[in-house]
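In what follows, a structure is listed as structure tokens, so that the remarks can point back to it.
The values are calculated or read from the model by the stated rules, or taken from the named source; none is laboratory data. Since the model is a prediction, treat every value here as computed from it, not as a measurement. With ideal geometry, Cβ positions are generated from the backbone for all residues, glycine too; neighbour counts draw on all protein chains shown.
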Amino acid sequence: MARGKHQPASDDDLRSHLRASTMAAHDLLDHAMQAASGWQSREDYTRFLELQHAARAPLEDWLDAHAPEALRPPRQTPLIARDLAELGRPVPAPAPLFTIGRTGTGHALGAAWVLAGSALGNRSIAKQVSRIGGGAWPMAFLGDAAMLGFWQALRSRIEQHARPSEAGGATDAATAVFAHFLAVAENAQAAEAMS
Ligand code: HEM
């Protein structure tokens with residue numbers, strides 16, 4: 001699903017820079033997630049949530065350990081666990097530890113941007129899930145208002161020009177988060193192909 005709406009105010013602000021730098025990674029991830037699970041059936045949607053939980057658990061732990069409070073998005077794994085419980089599934093094993101080496105300028109901001117920005121995509125996935133599931137599938141995660149609130153607060157911080165060191169660090173971290181998610185999606189895809 002292509003990104004395109006919600007264009008930021010200026011072309012050289014940090015958000016534009018992050019979006020442009022990670023556009024290819026986002027497209028790859030989008031395709032890998034559709035291939036690994038998608039959300040066309042209740043079983044697909046369950047696998048989608050399992051993948052999301054596995055990938056997000058170590059990212060949330062990293063942010064808890066390395067990000068200042070203002071850059072710590074609300075944890076979403078408890079919401080995913082609640083959705084999975086309603087679907088009759090346990091919480092899956094987490095993906096391997098997420099790390100980007102020594103934490104530097106911009107890293108927390110870049111990681112927070114990816115997790116918070118994904119709430120925009122979730123909003124459009126939520127509409128599809130609601131339609132396909134006839135409104136019966138649990139959507140605590142996809143409908144998370146707290147993350148959208150965090151996103152709105154983060155916008156004022158990223159819709160402005162950033163120092164090169166901050167922009168560079170944020171881009172490195174965002175790239176690492178996308179790579180982490182992609183690895184989890186590709187593993188899930190491989191497991192699905194073998195089943
Ligand atoms: C299942 C696959 C996914 C689909 C279909 C999807 C779809 C989208 C869409 C439609 C947008 C643009 C929304 C808008 O501007 O209103 C978007 C933005 C974004 N998504 Fe995704 N997404 C997916 C997975 C992910 C994942 C797993 C992450 C993060 C781990 C992610 C991170 C982002 C980010 C950072 C943005 C941009 C935020 C900004 O505009 O600054 N997406 N996505």
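When you look at Arg155, is it within 11 Å of the ligand (Cβ to nearest atom), part of a helix (DSSP H, G or I) and out of contact with any Lys or Arg (no Cβ under 9 Å at 6 or more places or on another chain), yes or no? Can you show your working first?
Values: within 11 Å of the ligand (Cβ to nearest atom): yes; part of a helix (DSSP H, G or I): yes; out of contact with any Lys or Arg (no Cβ under 9 Å at 6 or more places or on another chain): no.
Answer is no for this residue.
Does any residue in the stretch 1-23 that is more than 18 Å from Ala170 (Cα to Cα) and aliphatic (A, V, I, L, M) come within less than 8 Å, Cβ to Cβ, of a residue that is within 8 Å of the ligand (Cβ to nearest atom) and modelled with pLDDT of 85 or more six or more places away or on a different chain, and which pairs are these?
Final answer for the pair search is Met1/Asp30; Met1/Gly121; Met1/Ser124.
All but one of (1) within 14 Å of the ligand (Cβ to nearest atom); (2) in a helix (DSSP H, G or I); (3) surrounded by 14 or more Cβ atoms within 10 Å (Cβ to Cβ) hold for Ser130, so report the exception by its number.
(1)
Go through the residues of the stretch 84-96 one by one and say whether even a single one is crowded, with 18+ Cβ neighbours inside 10 Å and part of a helix (DSSP H, G or I).
Yes, because at least one residue in the stretch 84-96 is crowded, with 18+ Cβ neighbours inside 10 Å and part of a helix (DSSP H, G or I).
Here is a list: Met1, Met23. Which entry is near the ligand (Cβ under 10 Å from one of its atoms), modelled with pLDDT of 95 or more and exposed (fewer than 15 other Cβ atoms within 10 Å of the Cβ)?
Numbers: Met1 fails: modelled with pLDDT of 95 or more.
Just one listed residue meets the conditions, Met23.
Given (1) surrounded by 15 or more Cβ atoms within 10 Å (Cβ to Cβ); (2) of a type outside the set (S, T, N, Q); (3) more than 8 Å from the ligand (Cβ to nearest atom), identify the lone condition not met by Ala55.
For Ala55, the failing item is (3).
Does the stretch 31-44 hold any residues that are touching a residue at least 60 places away in the same chain (Cβ under 8 Å), of a type outside the set (A, V, I, L, M, F, W, C) and assigned to a helix (DSSP H, G or I), and which are they?
Residue satisfying the conditions is Arg42 alone.
Matching residues to (1) of a type in the set (Gly, Ala, Ser); (2) over 16 Å from the mean Cα position of the chain (by Cα):
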position: Ser130; (1), (2): yes, yes
position: Gly134; (1), (2): yes, yes
position: Phe141; (1), (2): no, no
position: Ala145; (1), (2): yes, no
position: Leu148; (1), (2): no, no
position: Gln152; (1), (2): no, no
position: Ser156; (1), (2): yes, yes
position: Gln160; (1), (2): no, yes
position: Gly169; (1), (2): yes, yes
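More than 28 Å from Gly168 (Cα to Cα) and in contact with an Asp or Glu (Cβ under 9 Å, 6 or more places away or on another chain): which single residue out of Leu51, Leu84, Leu109, Leu97 fits that description? Working first, answer last.
Working: Leu51 fails: in contact with an Asp or Glu (Cβ under 9 Å, 6 or more places away or on another chain); Leu109 fails: more than 28 Å from Gly168 (Cα to Cα); Leu97 fails: more than 28 Å from Gly168 (Cα to Cα).
The unique qualifying residue is Leu84.
Which condition number in (1) hydrophobic (A, V, I, L, M, F, W, C); (2) in a helix (DSSP H, G or I); (3) closer than 27 Å to Ser41 by Cβ is the one that Ala112 fails?
Of (1) hydrophobic (A, V, I, L, M, F, W, C); (2) in a helix (DSSP H, G or I); (3) closer than 27 Å to Ser41 by Cβ, only one is false for Ala112: (3).
Given Phe141, Phe150, which one is assigned to a helix (DSSP H, G or I), surrounded by 18 or more Cβ atoms within 10 Å (Cβ to Cβ), within 15 Å of the ligand (Cβ to nearest atom) and among the hydrophobic types (A, V, I, L, M, F, W, C)? Spell out the reasoning first.
Working: Phe141 fails: assigned to a helix (DSSP H, G or I).
Checking each option against the conditions leaves just Phe150.
Going by the structure shown, is Gly169 under 29 Å from Pro68 (Cβ atoms) and either modelled with pLDDT of 95 or more or assigned to a helix (DSSP H, G or I) (or both)?
On the way: under 29 Å from Pro68 (Cβ atoms): yes; either modelled with pLDDT of 95 or more or assigned to a helix (DSSP H, G or I) (or both): yes.
Yes, satisfied.
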